[in-house]
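What follows is one structure encoded as structure tokens, with my remarks underneath.
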Amino acid sequence: MIDRMSRKTLYTGSLYWPTTIGKVKSYPPLGSQHEQFEAVVIGGGMSGILCGHTLACSGIRTAVVERGDIAGGSTSANTGIIQFSNDMMMSELADQIGESNAVMFYAACKHAVEYLALLSGKIPGGVDFKRRSSLYAASSEQDLPKLRREYEMLHRHGFDVEWWTPSMIRSKFPFTKPGAIITHGDAEVNPYRFVHGIAEDAAASGLTFYEHTDITSHETSGDGTHQLTSSEGGSLTCSNVIYAVGYEPEELRGQLIKARLNRSFALVTEPQTASFDVWHERFMIWETARPYLYLRTMKDNRIVIGGLDEETPAPLAGVHSRKDRIDELYQRLTEMFPTMTAPVAYEWSATFGESRDGLPFIGRDPARSGVYYSLGYGGNGTVYSLMACRLIRDMIRGETPPLASIVALDRPSLTTV
């Protein structure tokens, strides 16, 4: 039995992505119906829709249940920055789980970006998917040795990277940094359009959706069959349940998860009138400082900048309470790009989850057969969701991919952090 699922406020402010779509497709609630599936995914955000899509397209009769609107949670506050590099450097991860496992994990992230490219190409009208390179800058001279070590390990294992000196950075941008790794093969996307587009594609492949359906209990019979009951008395019976519920750990009996929830801030400018010649190839930009800043451009010449993470989970409510952070973000933008002075158009604060060992939580429930989790904690949530959907499909098929032990909920690395 699970406790009634509580709603969290995952973001506050004005979001940009929902303004890029007119009317989105809606789906009926479960109501008082009683239905049976092979798999049921709880959660209609990025991770849940991707999981439902992959399962349905693999011939597994699947339903996705969302208690609100599809893409109405953290997906709406996602900045659409898609990178194979992670908050935890591969070289740091190697110290934690061994070099071969760290390389395997980073390679899986790279493959996830390729999967996003494949899926994006299936969506009519497009999702503003664009290949980009990233500039990962040393925030200080003290950070140079670890960044150089990261470059050398990435290069040694065949990742498409370059090392840039301060003069090279200065020749391409109106700012300089002590050094930077350039990673190629990253991407940007409109996450809101992507989730709605992939949902429609999945529906065409037989995926069933129930919006505005609140699952209030989960019971398992002696033969391993799961019954999910909604607040309106409807039920779903299945062999496999996948929890893709984002940053709401109390729903998963918090002892399963060793994670912390923070809040972050972001803004989107009005379209810039200045030339982007000063922004080399519209690289995505981030840095070694923690918390770090990140920047990207959009096809309509807006700029997104975010960061300033704080160690408290609740997003700041009210424009005035967020003003100091948003002003600081805007100041950092204009310091780096003095000609980019278009004003702020959208700004928000959002809950941001991180695991203690820097890895997502993907895979089987250690205590319950036929129960799985797709929880993309960290700054690479979209990449983790793309990774999780295929891992979970393979597990449901009875396979145990090598990556599974690295991201499992009971992985050894959680006991050492």
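Please go through segment 130-155 and pick out each residue that is surrounded by 17 or more Cβ atoms within 10 Å (Cβ to Cβ) and among the basic types (Lys, Arg). If the condition is that a residue be surrounded by 17 or more Cβ atoms within 10 Å (Cβ to Cβ) and among the basic types (Lys, Arg), then Lys130, Arg132 are the ones that fit. Residues in segment 138-155 include none that are in contact with a Gly (Cβ under 9 Å, 6 or more places away or on another chain), in a strand (DSSP E or B) and in contact (Cβ under 8 Å) with a residue 60 or more places away in the chain. Do you know which residues across segment 219-232 are farther than 14 Å from Arg67 by Cα and surrounded by fewer than 20 Cβ atoms within 10 Å (Cβ to Cβ)? Scanning segment 219-232 gives Glu219, Thr220, Ser221, Gly222, Asp223, Gly224, Thr225, Gln227.
For every residue, the table says whether it meets (1) under 27 Å from the mean Cα position of the chain (by Cα); (2) among the polar types (S, T, N, Q).
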position	(1), (2)
Leu147	yes, no
His155	yes, no
Val161	yes, no
Thr165	no, yes
Arg170	no, no
Pro174	no, no
Ile181	yes, no
Gly185	yes, no
His196	yes, no
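For beta carbons closer than 7 Å, sequence separation of 6+ or different chains, a first residue in segment 166-194 that is at pLDDT 95 or above and a second that is acidic (Asp, Glu) and part of a helix (DSSP H, G or I), the qualifying pairs are Pro178/Glu141; Ile181/Glu150.
Among the residues of segment 265-291, those that are closer than 30 Å to Met88 by Cβ and in a loop (DSSP other than H, G, I, E, B) comprise Trp279, Phe283, Thr288, Ala289, Arg290, Pro291.
Taking the criterion of being assigned to a loop (DSSP other than H, G, I, E, B) and charged (D, E, K, R), the only residue of segment 156-176 that qualifies is Asp160. When segment 396-412 is filtered for residues that are within 21 Å of the chain's Cα centre (by Cα) and either at positive phi or in a helix (DSSP H, G or I) (or both), the ones remaining, listed by number, are Ala404, Ser405, Ile406, Val407.
On the given criteria, is Ala317 farther than 28 Å from Cys389 by Cα, aliphatic (A, V, I, L, M), in contact (Cβ under 8 Å) with a residue 60 or more places away in the chain and in a loop (DSSP other than H, G, I, E, B)? Yes; evaluated as a whole, the condition is true for this residue.
Scanning segment 351-390 for residues that are surrounded by fewer than 23 Cβ atoms within 10 Å (Cβ to Cβ) and more than 14 Å from Arg260 (Cβ to Cβ) yields a count of 9. Restricting segment 58-86 to residues that are among the β-branched types (Val, Ile, Thr) and part of a loop (DSSP other than H, G, I, E, B), the residue that is surrounded by the fewest Cβ atoms within 10 Å (Cβ to Cβ) is Ile60.
The values are calculated or read from the model by the stated rules, or taken from the named source; none is laboratory data. Remember, predicted model here, so these are calculated numbers, not experimental data. Glycine also receives a Cβ, built like all others from the backbone with ideal geometry; neighbour counts cover every protein chain displayed.
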